[in-house]
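To start, the structure itself, in structure tokens.
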Amino acid sequence: MDRSTLYPVVALLVALCSLSPTSPAETAHCKLQPVDIKVTYSTSQVSKGCVAQVPSATTEVHILFMEFPRDVSQLELTVQMSKQNDTRPRQVLLVLGLDKIVHLQLQAPGVPLQLAYNPNYVAQKPQGVDTIDLSAFTKSQFLNWADKKGAIASVAELNDPQHILLRLDQALGSPSSCNPEPHMDMGQTLEWWPHTENSVSGCHLEGVAGHKEAHILRVLPGSEARSRTVTVKVNLSCRSRDPNAVLILQGPPYVSWVIDTNHTMQVSATGKYTFKIFAMNFVDGVVLPDTPEGLLGWARRLNASVVASFVELPLANVISLQASSCEGGLQTSPTPVQTTPPKEMCGEMLLMTLFQQNCSDDTMTLELKKDLISSLKCTIKSLTFLDPSCQAEDRGDQFVLHSTYSNCGMKVTENVVNNEVVVNFMSSSSPQRKKVQCIDMKSLSFQLGLYLTPQFLQATNAIELGQQGFVQVSMSPVIREFILRLDSCHLDLRPEGDVVELIQSQAAKGSCVSLLSPSPHGDMRFSFLLRGYMVPTPKTGTLSCTVALRLETSALAVHRTVSMRLNIVSPDMPGKTLVLPAVLGITFGAFLIGALLTAALWYIYSHTRPPSKQEPVVAVAAPASSESSSTNHSIGSTQSTPCSTSSMA
């Protein structure tokens with residue numbers, strides 16, 4: 001049917017709908033049961049969330065809490081940012097709170113994104129983005145941790161998402177702070193597609209002849225009663241004939257419908273509706289029952305013999321309904337007896353990403369949990385390294401591959417150990433292979449250095465209370481294929497003091513600690529301000545840092561801890577040894593005071609001597625007592641900043 005004749009047909013259908021009875025629908029004898037029809041939808045409604053406007057933030061934070069019913073799930077995450085009109089850099093931190101393992105597919109083109117999550121729940125590390133390990137944090141700690149990293153722009157809790165679209169444009173009209181509320185509409189900031197398995201039902205309507213099928217979509221009210229448009233895409237096909245169908249759309253009165261269909265069908269809808277080909281020419285709808293029983297009765301009044309699909313959805317943005325069989329796949333005859341069980345597909349590719357790998361000084365270990373194998377409907381015939389004689393061990397709840405770096409086909413080149421995992425599945429004639437790598441740490445060494453100036457020129461092992469220290473962590477030899485991250489650092493002042501946390505999860509702990517830019521060779525650097533007053537005063541301390549080292553081509557990180565012993569110098573300690581900056585400061589101060597006193601005495605002499613008699617010029621040096629008293633005064637007047645007396649306590 002061409003478009004020139006379609007409009008009169010639609011007008012006739014609208015007229016038929018308007019002539020339909022509006023009295024309460026009679027009870028329909030219809031027992032709903034699952035049907036083979038695919039209904040997907042996207043929505044901005046979340047179980048709990050908030051959106052804030054943070055235009056002046058240099059780092060904006062978005063947090064997604066997600067729950068999944070399955071042990072392993074697929075998740076597509078798309079992050080979009082429009083082109084910025086200003087030149088101010090804008091960093092984005094995305095925090096993922098997960099409760100099950102996900103196979104994450106991330107797309108964030110052109111977004112300066114940093115991702116924070118628990119690596120135990122992500123099957124494969126996303127490539128091209130910096131990541132932060134949050135395995136030490138619980139859900140209740142995420143908000144406090146994220147609030148210290150930047151301004152929180154959005155928080156959302158999602159149940160079983162399949163695809164998430166996060167838009168980073170500023171939400172105009174939103175509050176300046178983000179306080180999560182239940183049943184939140186995230187607006188244009190977030191749109192997501194949940195899994196909707198086994199949510200579509202259908203039934204035969206008793207006593208109605210013919211082959212007319214009804215598709216009922218019921219949209220439940222949202223958290224805000226504001227005007228909105230829902231797009232409904234309907235794709236019907238039937239091999240035996242052209243289906244005679246009616247589409248029933250029931251929702252809140254503030255919802256308007258845009259119908260995009262490949263088939264001429266009768267429409268009965270609440271509110272206003274239009275067809276996509278007619279743009280914004282909306283037609284007034286009818287008053288429909290607001291209960292499932294009433295909607296089934298309404299389908300009967302429209303002479304439908306079968307409800308091919310019935311589904312209830314939250315307030316959605318786009319709904320897509322696709323039926324590839326007559327009457328929605330409902331059986332019109334007794335179900336035939338199945339002589340052979342259906343063949344279940346094994347998720348081989350996904351299973352290959354679920355190995356948990358560990359590397360030690362001389363061994364590589366890979367673990368695969370059996371419950372993940374059963375969740376993906378797989379049966380494994382063999383699991384080996386590249387050398388087929390190295391078989392996996394069955395340890396009850398998991399399979400374990402274990403070998404030293406000198407066996408099982410290991411290849412060691414330039415501090416990197418390479419091998420392959422070979423898995424033979426019952427469902428496939430050819431094996432699946434996965435490359436695995438470890439870092440050989442035997443020839444690598446790590447150094448920890450303390451400096452008292454930001455130029456990092458001369459290392460020391462002594463620091464004064466109230467003084468700023470500059471720390472550098474380096475690795476030798478330098479290997480460009482390795483990525484170094486400063487995972488954590490602390491200063492142990494026991495027994496006189498406490499353990500002072502400096503860096504946790506690659507983030508500065510407190511306002512007295514600052515992460516600095518790496519050195520030209522890639523050495524990691526940070527600074528800290530030691531607390532100025534402690535009772536009792538510690539005399540020594542141990543500075544320790546844990547480094548995370550990984551390859552550019554792998555998400556697996558190896559952790560190493562390096563430590564050094566420090567001497568703590570008190571400002572009023574008798575006979576203390578002055579550190580280099582103090583010595584330089586005293587020397588320069590003495591020189592400056594001496595020069596000023598010489599100039600002052602010369603000025604007095606030149607303005608008070610008799611004009612008729614010339615005196616020989618005498619250079620006067622500053623007395624030693626002046627140097628000593630001035631220097632002592634300068635040192636004694638040094639005070640700790642509020643940061644050093646409170647934040648580091």
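Observations
- Site pair ASN358 and ARG560 shows an inter-label distance of 2.0 nm when each label is modelled 7 Å from Cα along Cα→Cβ.
- The length gained on full extension between PHE282 and GLU312, counted as 0.36 nm times the residue separation minus their Cα-Cα distance, comes to 8.4 nm.
- Protection proxy ranking, peptides 458-467, 212-221, average beta carbon neighbours within 10 Å, highest first: 212-221, 458-467
- Between the beta carbons of ASN179 and ARG70, assuming R0 = 22 Å, the FRET efficiency works out to 0.10 to the nearest 0.05.
- Using R0 = 41 Å, the C-beta based FRET efficiency linking ASP99 and GLN455 works out to 0.30.
- Segment SER570..ASN159, full-extension length gain: 142.4 nm, with 0.36 nm per residue of separation and the alpha-carbon distance subtracted.
- Potential extension, ALA548-GLU481 segment - 0.36 nm per residue separation minus Cα distance: 22.7 nm
- With R₀ fixed at 56 Å, the C-beta to C-beta distance from THR229 to THR608 puts the FRET efficiency at about 0.05.
- Shape category assigned to the stretch 154-311 from the gyration tensor of Cα positions, a/c cut at 1.5: prolate
- Taking 7 Å steps out from each Cα toward its Cβ at GLN391 and THR291 produces label points 6.4 nm apart.
- Isotropic mean projected area of the C-alpha convex hull, the stretch 131-208 (nm²): 9.3 nm²
- Cross-link partners for LYS212 among the lysines, with Cα-Cα distance under 21 Å and sequence neighbours closer than 8 places in the same chain left out: LYS31, LYS38, LYS233.
- Among the trypsin sites (Lys or Arg not before Pro) within the stretch 345-428, those in coil by DSSP and having at most 15 neighbouring Cβ atoms inside 10 Å are LYS377, ARG395.
- Alpha-carbon Debye profile of the stretch 402-537, log10 I(q)/I(0) at 0.10, 0.11, 0.15, 0.19 Å⁻¹: -0.53, -0.60, -0.85, -1.11
- When THR608, THR138 are compared by accessible area of protein heavy atoms, the largest-first order is THR608, THR138, using a 1.4 Å probe.
- Checked against a 24 Å cut-off, the cross-linked pairs LYS48/LYS377; LYS48/LYS149; LYS125/LYS369; LYS48/LYS148; LYS369/LYS442 give Cα-Cα distances beyond that limit for LYS48/LYS377; LYS369/LYS442.
- Interchain or long-range residues, amide H under 5 Å from VAL416's placed H: ASP440
The values are calculated or read from the model by the stated rules, or taken from the named source; none is laboratory data. Please read these numbers as outputs of a predicted model, since none were measured by experiment. A quick note on method: Cβ atoms are made from the backbone with ideal geometry, for glycine too, and the neighbour counts reach across all protein chains shown. These area figures cover heavy atoms from the full protein model, side chains too; ligands, DNA and RNA do not enter into them. Shrake-Rupley method; radii C 1.70, N 1.55, O 1.52, S 1.80 Å.
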